[in-house]
1. I'd like to know if the range 199-216 contains one or more residues that are of a type in the set (Val, Ile, Thr), over 17 Å from Ala91 (Cα atoms) and in contact with a Leu (Cβ under 9 Å, 6 or more places away or on another chain).
2. Quick one: Phe118 ticks every box in (1) under 14 Å from the mean Cα position of the chain (by Cα); (2) buried (at least 16 other Cβ atoms within 10 Å of the Cβ); (3) in a loop (DSSP other than H, G, I, E, B); (4) of a type outside the set (Ser, Thr, Tyr) except a single one, so which number is it?
3. State all residues of the range 98-125 that are in contact with a Leu (Cβ under 7 Å, 6 or more places away or on another chain) and closer than 14 Å to Leu213 by Cα; if no residue qualifies, say none.
4. Look at the range 129-186 and say how many of its residues are outside any strand (DSSP E or B) and among the hydroxyl-bearing types (Ser, Thr, Tyr).
5. State whether one or more residues within the range 69-86 are out of contact with any Ser or Thr (no Cβ under 9 Å at 6 or more places or on another chain), in contact (Cβ under 8 Å) with a residue 40 or more places away in the chain and polar (S, T, N, Q).
6. Considering only residues of the range 126-164 that are farther than 25 Å from Arg214 by Cα and in contact (Cβ under 8 Å) with a residue 40 or more places away in the chain, which is surrounded by the most Cβ atoms within 10 Å (Cβ to Cβ)?
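The numbers here are math on the coordinates, done by the rules we state, and not lab data. Just so it is clear, the structure is predicted and the values come from calculations on it, not from any experiment. Ideal geometry is used to build each Cβ from the backbone, glycine not excepted, and the neighbour counts take in all protein chains shown.
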Amino acid sequence: HRRPLLRYLEQADRTAVAHHVDRIARLGTSVLITGIWYKKAFGADYVASVFRSMMEGSSLTVPERFQLNNPANLFGWFEAVRAARDGPVPAGLTAHIAFRGDVIDDRGMVAGSFGSGFAIQGLMFSVDLPRGEFEYRVLDRDGQWSAWAPCGTYLGTRGRSLSLHGYAVRLRGMAAERYECLCAATFVGEQTPVVSTDQCRSSGALEAVVVRLRARR
């Protein structure tokens, strides 16, 4: 993966490299890191073309699987995480993850890691809305949904190695009139995220969760 890129950089105008270093830091680093994790999805020629377009100021045709506006792809997943941390109301998510225990994210409704292979066994959402206006439920490995629960309610298990296989969220009252939900999830052994406006489920174990609130237009 590195040789075409390195060959191009060796021939590039060093002034151009310096001029675009901030753009390379913002986009190029993500390209390279993601390329390391998902070598089959990123070709070396495409990585080199990203750098080339930034240095020369030329346009770049981004393949659909890398586009930022779709969480069901590699770049889109990281963009969805960023957007979830910049929502209209403060929110957080606690997840009980295999071999890690409780992991708390108080910057947004984000849990787990895409491609980690570690199953999520329980979830507890926290959203700064009147009680009952944001509710959620989880799907167990037997295909049974839990009851709907308000924020602050832990759903799932601890210490029993029982993975979740989905989750669902819904807005009620004034929150439903003002906001909409965008949900995404990845599952162990599956390379493509599931994206929805209300629920994400699969036969595989739940691996990562992103929920974003967005003001209605």
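1. Looking for residues that are of a type in the set (Val, Ile, Thr), over 17 Å from Ala91 (Cα atoms) and in contact with a Leu (Cβ under 9 Å, 6 or more places away or on another chain), one finds none in the range 199-216, hence no.
2. Going through (1) under 14 Å from the mean Cα position of the chain (by Cα); (2) buried (at least 16 other Cβ atoms within 10 Å of the Cβ); (3) in a loop (DSSP other than H, G, I, E, B); (4) of a type outside the set (Ser, Thr, Tyr) one by one, Phe118 breaks only (1).
3. Passing the criteria: Met109, Val110, Phe125.
4. Here the count works out to 6.
5. yes
6. Leu164
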